[in-house]
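Computed from the coordinates by the stated procedures, all read-outs in this text should not be read as laboratory data. Not measured: the values here are computed from a predicted model. Using ideal geometry, Cβ is built from the backbone for each residue, glycine included, and neighbour counts are taken over all protein chains shown.
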Amino acid sequence: MSECGFSVVICVYTEDRWEDILAAVDSVRHQSLPPLETLLVVDHNPALLERLGKEYKEAKEETEVRVLANAGPRGLSAGRNTGIAAARGKFVAFLDDDAVAERDWLRYFAEGYDDVRVMAVGGRTMPAWESGRRPVWFPEEFDWVVGCTYRGLPGGKVRVRNVLGGNASFRRSAFDASGGFATGIGRDGDKRPLGCEETELCIRLATALPEAVLLIDDRAVIHHKVPAARERFGYFRTRAYAEGLSKALVARSVGAGKGLESERRYTTRVLPAGVARGLRDAARGRRGGAGRAGAIVAGVAAAAGGYVVGSVRARGNGATFSSGPIAPVEEGDRSK
């Protein structure tokens, strides 16, 4: 098992998730393989920065918790880049601010790095539905809508094109080779739930280091909170449309061949099987079967529409993305 330490980066932006943030940090503190440090990166929210600084300033823990201000533009990509720049560990792991990691999360990540070719290891993200259970109409094939592992991803410990950003780790040297997360892709404080910044980074990493191996180990589990507002069909449709917009930006950045390779397999194999499964369930009188089949069709239509609109916009405005070297964090941005 790889020795050197992990720096765990948790990007935060709102006091509305205060209890979730504390739970995320607590889950990192109780890892069977303790991290070197936990970095809380606050996205342009001075009140939250001050509050978290006070919360962890006098905490007497073996694992250090550092609170940093996002040193770049507003958004998740710049927040992650700030964490990478400040990280002291040989490996950098990312955890969503509304998720909790199981006890062996980091230990399973570390096992993957015993192979020196491995540059990234991701895990399995399980939905924690606020209502207590999955909506009957919500297809598992679309769990990516709520930031979770979806039906169609292979199980076990397997090689993949990209890891999922809320439950992932990288060698620190991976960022030295490829740069950081691209700003201009992903969430930036806007209400539209964009994404795909980790996809673009992983494709860029594989181009910079052709021998690099990226893995998902589904034993590295986190549980991601799904609030009631995201259990509704309106959010489902909006998020699917935003995914299409995001995929258009990724294709613009790295090319449609690499940017949509996995999506083609998903659309032509996984989703038709999901529709057929839903219709079979409906024919057998099982609740939600027709709804799941209909949701898959609606989700595909929304994502396709977003991709078309995003492609036109990207060509029209000459969209560019910054993915250069990680900028250092100024000492004045740190609160211990």
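Couple of notes before you dig in:
- For D176 and L36, the FRET efficiency from 1/(1 + (r/R0)^6), where r spans their Cβ atoms and R0 equals 25 Å, is about 0.90.
- The calculated FRET efficiency for V213 paired with R269, based on their beta-carbon distance and R0 = 30 Å, is about 0.80.
- Here the label points at L22 and V158, each 7 Å from Cα along the C-beta direction, are separated by 3.9 nm in the simple model.
- Reducing segment 121-176 and segment 205-232 to their Cα centroids gives an inter-centroid distance of 4 Å.
- For segment 7-149, the Cβ-based charge dipole about the Cα centre amounts to some 380 debye (Lys, Arg positive; Asp, Glu negative; other atoms uncharged).
- R280 versus V312: modelled label distance in nm, points set 7 Å from Cα along the beta carbon direction: 3.9
- Gain on full extension, evaluated as 0.36 nm per residue between E15 and R88 minus their Cα-Cα distance, stands at 23.6 nm.
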